Each structure stands twice: as C-alpha cells, then as structure tokens.
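Below: one structure, written as structure tokens.
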Amino acid sequence: MLYMMMEYVPGNTLRRHLALMPPPSLEQALQWFTEITVALGEIHGIGLLHQDLKTSNILVRSDESLALLDFGLETRLLVAAGFIREDEIYCTPYYISPERIMGDPPDESADLYALGVILYELLVGHKPYESKSLAELLKKHAVAPIPQLPAERHAYQPLINGLLAKFPENRLQSTDIVVRLLQEMGAGKIVK
C-alpha cells in the first residue's frame, strides 16, 4: 500500500496572501523566491516535476516561511483516473511555458518558466502576461516580449529574462543556477 503524508499548514496560499496583504518588501519577495526555488530544486533532485507551479500551490506559514504543494500529483491522478490523456495539457494558463502550449511534454524547463512568472509576480505585484481571453494569454506566453521590470527592480531583469526565455534551450537550466545567480546578486539566502 502506498500513501503520502504531508504537513498540515494552516493559513493562506501565497496567491491569497499577495491579494490581501500589502506588497512584500523586496527582501521578503526575494526570500520567498529563494525558498520556492530551493524547494523546486529538491523536487527536481528526486526526479519529479511539479507541472503546476503557481502561487495558489504555495502556502504561507504563520512564520512567513513557505510550503510548496501539489508536486504534479493532481495531473498524474487525472491521467491515472482516465480524466485526461497522457499527451493532454493540464495546467494553469498564467504559468504555462511556451513549449507546453505547443504540446511538448513537461520537463524541468517548464517548471523553471513558471518559477519566472512567480518571480515577476513577487517583484511587480501582477503576472507578466494577463488577458481576459485564453487564446490571447497563450499567445502572449508564446510570442510577446519578456516584460521589463520597473526601474527600481531592474537589477533582477537578467533573472526574469533567463527564466521567461521563450525557448527552453535559452532558459536558465536548473534551480542551482538560479540560486547561484541570486547569491551573486546578494539577494538569496540559502534555505534548506
């Protein structure tokens, strides 16, 4: 018999927290981003993909630390139950990578793209691509230029560019690289 145990985390999702609370300070946003990046690296390190990384799959604990949820389990369960086929795309459109839109199978690079969307959201307060039309939103992910950060956050533009690159081969290739770049910028505290 297989089972999974997870920590019970009372509180809000990061999505709700960002909507209800004042914008986080730059320090807090970067601390959260580092925590998310390290957690994603742990998932990748054991051979799993998240496949639905988004702010509503991240919980904010009472001490302001984060807990990453889901780990792509929902997608695997839907496939196993026959609700979707293995080759169907199941995702949250605001966080989908261009290659997933084109039907490529999920990989670490698609998770890194979603990580870039979260970084942009933490730094700016909204997602990099928004639209009321699903088709327009997907088109923006696929072909729209990478949005520029405001002047006061411009130092983090290389990270945004590296994570939101349209082609996976141009994207930052691992969470370790992301954490190293954060440390070089003096922005990331190692969280284990």
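Taken over region 110-154, the criterion of being buried (at least 19 other Cβ atoms within 10 Å of the Cβ) and of a type in the set (S, T, Y) is satisfied by Y113, Y120, Y129.
Scanning region 9-66 for residues that are within 14 Å of L122 (Cβ to Cβ) and either among the acidic types (D, E) or free of Cβ contacts under 8 Å to residues at least 12 places away in the same chain (or both) yields A19, M21, P22, S25, E27, E35, E64. Scanning region 159-176 for residues that are in a helix (DSSP H, G or I) and either touching a residue at least 24 places away in the same chain (Cβ under 8 Å) or surrounded by 13 or more Cβ atoms within 10 Å (Cβ to Cβ) (or both) yields L159, I160, N161, G162, L163, P168, T175, D176.
Of the helices (runs of 4 or more DSSP H) lying entirely inside region 1-109, those containing at least 3 residues that are farther than 18 Å from T175 by Cβ, open to solvent by 30 Å² or more (accessible area, probe 1.4 Å) and modelled with pLDDT of 90 or more are 14-20, 26-45. Remark: pairs (first residue in region 91-117, under 21 Å from D176 (Cα atoms); second residue assigned to a helix (DSSP H, G or I) and aromatic (F, W, Y); Cβ separation under 6 Å; 6+ apart in sequence or on different chains) = S97/Y113; A114/Y95; V117/Y95.
The values are calculated or read from the model by the stated rules, or taken from the named source; none is laboratory data. The structure presented is a predicted model; accordingly, all values stated were derived computationally and were not measured. Using ideal geometry, Cβ is built from the backbone for each residue, glycine included, and neighbour counts are taken over all protein chains shown. The accessibility values were calculated without ligands, DNA or RNA, using every heavy atom of the protein model including side chains. Shrake-Rupley method; radii C 1.70, N 1.55, O 1.52, S 1.80 Å.
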